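The values are calculated or read from the model by the stated rules, or taken from the named source; none is laboratory data. Being a predicted model, the structure only gives us computed values, none of them experimental. Note that each Cβ is placed from the backbone with ideal geometry, even for glycine, and that neighbours are counted across all protein chains shown. We work out accessible area using only protein heavy atoms, side chains counted, and drop any ligands, DNA or RNA first. Shrake-Rupley method; radii C 1.70, N 1.55, O 1.52, S 1.80 Å.
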Amino acid sequence: MTAQACKSLKALNEHDWSRAAIGHPETWSHGLRLTVDIILNTPLPMLVMWGREQVMLYNDAYAALVGGPLQPAPGGRVPAMQPSAWSWNGQAIEQAWGGTGSICVGAALRLWRPDGVAEQRFDLHYTPLRDAQDAVQGILCTLAPPSAAAAANGPRPLRMLVVEDNLDAQYLVCEMLRAFGHDVDAVATGEAALEQLQGGAFEVLFSDVSLPGMSGVELARRAVAAQPGLQVIFASGYGGTLTQQLDFPAEAIQKPYEIEQLQAILERVGTRLPASR
């Protein structure tokens, strides 16, 4: 046994597991012990979500990356606010629970630093972890440096029109989008939005579904008919089920949503637009 392996075994045995639903390492399956031994001996940031109880295990590289009040590696419980690597792409995580691994190229993660929030890009590798019966019991996420293509082709600013009748919510979403670097205007009604859209200066319509007067869905239908290249994002309580009922292409994000979810949708939208205007 190497010195590094002895060190990782000691870390497992000496860690306080009393508050973790996963129990002491002596009770773990061979596959879980092997996975944790690997991540503790790997310089790349890595973390495991084990079981639907979402016990989180990670290495020193991940703890150093994200900062904040995490327990020392190897962890033992998911923090109240999930880390970006888990919350950025729910679809990839559900695919992993279903047994299919995936790679999210160039994911932009917002990391807390003493002087504020910093953005850093990674290729996120999601790998399902199986037991002896081939059932998926957990997910391994590896944060690798972004590929050259992802680093060179980061998202460009989008010209966006926000439609939200709640002025407090309108202010917050506009400030968030501007913080991402996008060019944003806002109106409170569908009728006002149609007037703003007439010039064709906007690339993305970000609209609430429930609006006074004309609904967000009817607004988008008219807007896309007049400007076929317009990208549409709905904020609603229906999430992805809304887009299945539409006769035009659109993205949907369910309220309340996280910053990483919105970023992911904006990046997808950006890939469907011309590289420059």
Total residues in region 176-205, condition touching a strand residue (DSSP E or B) at 6+ places or on another chain (Cβ under 6 Å), buried (at least 18 other Cβ atoms within 10 Å of the Cβ) and within 24 Å of GLU119 (Cβ to Cβ): 6
Lone unmet requirement of (1) open to solvent by less than 10 Å² (accessible area, probe 1.4 Å); (2) of a type outside the set (Val, Ile, Thr); (3) in a strand (DSSP E or B); (4) more than 25 Å from PHE180 (Cβ to Cβ) for LEU124: (4)
Within the set of pairs 6+ apart or on separate chains, which have a first residue in region 164-190 that is touching a residue at least 60 places away in the same chain (Cβ under 8 Å), a second that is buried (at least 16 other Cβ atoms within 10 Å of the Cβ) and polar (S, T, N, Q), and C-beta atoms under 6 Å apart? GLU164/GLN170
Does region 208-220 contain any residue that is on the phi > 0 side of the Ramachandran plot, modelled with pLDDT under 95 and open to solvent by 40 Å² or more (accessible area, probe 1.4 Å)? yes
Which of the residues spanning region 157-177 are at pLDDT 90 or above and not hydrophobic (A, V, I, L, M, F, W, C)? ARG159, GLU164, ASP165
What is the number of the single condition among (1) loosely packed, with under 13 Cβ neighbours inside 10 Å; (2) not in a loop (DSSP other than H, G, I, E, B) that LEU140 does not meet? (1)
Kindly indicate the residue of region 72-121 that is at pLDDT below 85 and of a type in the set (Phe, Trp, Tyr) and also most open to solvent (accessible area, probe 1.4 Å) among those meeting that condition. TRP112
